[in-house]
Amino acid sequence: MVWLHEEEAFFPSDIYAQVTNTHPNINLTTIEDPPSPLTLENLDLLNAYGHNGRNVFLTSNLDVTTEPVWLTGIVPDSTGETREITSSVIIVNDRGSGKVDAFYMYFYAYNQGNTVFFQELGDHIGDWEHNMIRFHNGTPQAMWFSQHNNGQAFTYDAVEKKGIRPISYSAKGSHANYGVQGTHDHLIPDLNLPAGFLQDYTSKGLLWDPTLSAYHYNYSATDHSFESINGSPVGAMYYRGRWGDQQYPDDDPKQPPPFFGFRKFVSGPTGPWDKHLNRTKICPDNGILCIVRDSLVP
């Protein structure tokens, strides 16, 4: 279960709405005669364009600076459900020998970046974050919390729980996941200090239960394939492109002047397929030291 910040403005969002409110671009240019209509079932047809889809950006139909309503998402109700939309994805990778990884993917239509010296930096349309829980013989062992370019891992015994269910704290705007509430400086990978240059903020605002509005899949590492559970649309899982706009050039009126080389608007993220679904350790296989902490410390 996920605690959203008490001042959150960009809530969990409908995954399909990200398709209906965008159009596919490559190099800031609309693809001519794209597959139509695009759905979550056939979104992978865009992999036929732009380096197997990797250069495709689902680009907002409306100017982001006009604050389109669809970017704000849906506020969870009193039960924690984002009613009438599907805002998360649950992917299970059975690794064999009793080892199972369960990925809980959270989708937000908009990421609001951190404010540094009164400058908002790193905003982007589309935002995929996740937790992963590793099981052995049916018993949860450890949990991963995605945070910007990396994240943190803790033993399952260490994480906060509501009953038997683990708790993740979603940072205000950026939606990075943390094991505790408070202030988190994330300048150094795999280390979160209570103060610093790049700060995220978490608190107990609204409690969201992503399992109540989710698509479900099995993942096979053998052939990198997804199996739909209960009719969940598969094409979106194979889509290799980005789930938001490409970074606006400096001469675009939407893009404020650079701040020491950093931009307010950057490119949208890749989807679930690119989240190291068959990782060796609880952490992604990205070369960064994997520390599994046995207490909720930085």
**Computed label-point distance, nm, for sites L207 and F117 using a 7 Å Cα→Cβ extension** = 4.2
**Request:** Between Y178, Y49, Y217, find the one with the highest GNM mean-square fluctuation for the chain; connect C-alpha pairs within less than 10 Å.
**Result:** Y49
**Fill in**
In the chain, lysine pairs 8 or more places apart or on different chains with C-alpha atoms under 19 Å apart total 7
**Complete:** Percent relative contact order for the chain, counting Cα pairs under 8 Å at least six residues apart, stands at 25
**Fill in**
FRET efficiency (S295, F197; Cβ distance; R0 30 Å; to 0.05) is 0.75
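The numbers here are math on the coordinates, done by the rules we state, and not lab data. In this text, all values refer to a predicted model and were calculated from it rather than measured experimentally. Using ideal geometry, Cβ is built from the backbone for each residue, glycine included, and neighbour counts are taken over all protein chains shown.
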